[in-house]
Amino acid sequence: MSRELVIDFDMVFHPKRRVFFHFLFWILYLVYFTIAFASFRDNYLQSFTEVAVTLPVRLAAAYLTLYWLIPGFLDKERYLPLIFLSILSAIAFGYMDRILLHLFYVPRYIPDYDYASYPLTSISKAIQRTTSIYTVVFAAAAIKLIKRNYHNERVTREMAKEKLDAELQFLKAQIHPHFLFNTLNSLYSLTLRKSDQSAEVVLKLSQFLDYMLYDCNVREIALPKELEQIQNLVSLEKLRYGERLDIHFQVHGPVQEYRVPPLLMLPFLENAFKHGVSQQSENSFIFIDLKVKGEDLTFRIENSSSGPGEVRELDYTKGIGLKNVKRRLDLLYTPNGYHLEMFSEEDSFTIILHLKLKPIP
């Protein structure tokens, strides 16, 4: 449903406009049927009199259906009482309609009416009048049911969106302390050595916190902003591991034109450090390559590793950060919107993420 259609429905069905909407509906009813009857009678006054005289019966039938029968029986699935009361009220309204016509319309426009052949007690005539009465009742009931269905669908959509947002916020809340914990470990190891680089770590950590606490409170963020934090993490880990880590980070394509969910790629890099580099004493490496072509992003990260492949893969996939990213991908993208691959080789582990990007408005 388009935004314009939603706005129109909200305007029409807003509670403050309900009285005006009902008034307008009955005015249109009066005008339409007056013109319709006059089209073959060629007498607008007579047609208006007939429609106006019988209008109270249609009002009563419509509001009885809308505010008693539908909420009291249809909504509660009490179908047998609904059918019985509907038939009974329809016949009653048919008789009321005939009485009003014979009091205010027949004496003026049909003075020679044959009461002997068609008495006021004639049930066939009452049922005939019922048919014309319930044309407008069914129209009013249809509008009410459409309105209710629209409202229920909107509430369902809003609840689903709120549930999705709550789950995404929960997943991001788990990622925040996860990164903070590992970065503090890096800072701790530097302070134990009384390294002059501790101040730089504190500065970069503050940038991380600013990003996580403020910039990440949106569904999507500019891709360069996410890449800036990846570079931040790379710089932090270079300070921690020094010369025994060979790390390269390359970016290709017009990244400034697109946006991505925040904290989507950082956990992959953090996992590479945690389960790969930190378990090796020397000759460790991490190669990061990000390419943007059209609206397709390919993020590839390969890191050195040791040990049996199955054990390494289990270490990589059981972490909180990676599990959360996979869950967020499932929530944020359709099955065709992303593709995640993992490869375990003799001395390395590789993750490749393919994403459909959204342009920056």
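Just so you know, all these numbers are worked out from the coordinates, no wet-lab data involved. Computed from a predicted model, the values in this text were never measured in an experiment. Reconstructed Cβ throughout: ideal geometry from the backbone, glycine too, with neighbour counts over all protein chains shown.
Using the per-residue mean of other Cβ atoms lying within 10 Å as a proxy for protection, in what order, highest first, do the peptides 78-89, 253-264 fall? Mind dumping the intermediate values first?
Working: 78-89: 13.0, 253-264: 18.6.
Top of the packing list down: 253-264, 78-89.
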Spin-label pair Thr191/Ile91, simplified geometry with 7 Å Cα→Cβ offset, distance in nm: 8.9
Rg and Dmax of the stretch 92-137, using alpha carbons, in Å: what are they? 10.7, 31
Once the piece of chain linking Lys225 and Leu340 is laid out straight, how much longer is it, given 0.36 nm per residue of separation minus the C-alpha distance between them? 39.2 nm
Stretched fully, the stretch from Ala139 through Lys293 gains (0.36 nm per residue minus C-alpha distance, one decimal, in nm) 50.0 nm
Hey, what's the per residue convex hull volume over the C-alpha atoms of the stretch 3-121, in cubic angstrom? 152
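If we sort 107-119, 42-54, 193-205 on the protection proxy, mean other Cβ atoms within 10 Å, highest first, what's the order?
42-54, 193-205, 107-119
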If you put +1 on each Lys and Arg Cβ and -1 on each Asp and Glu Cβ, how big is the dipole of the stretch 3-121 around its Cα centre, in Debye rounded to 20? 320
Multiply the residue separation of Ala160 and Ile27 by 0.36 nm, subtract the distance between their alpha-carbon atoms, and state the gained length in nm to one decimal. 43.9 nm
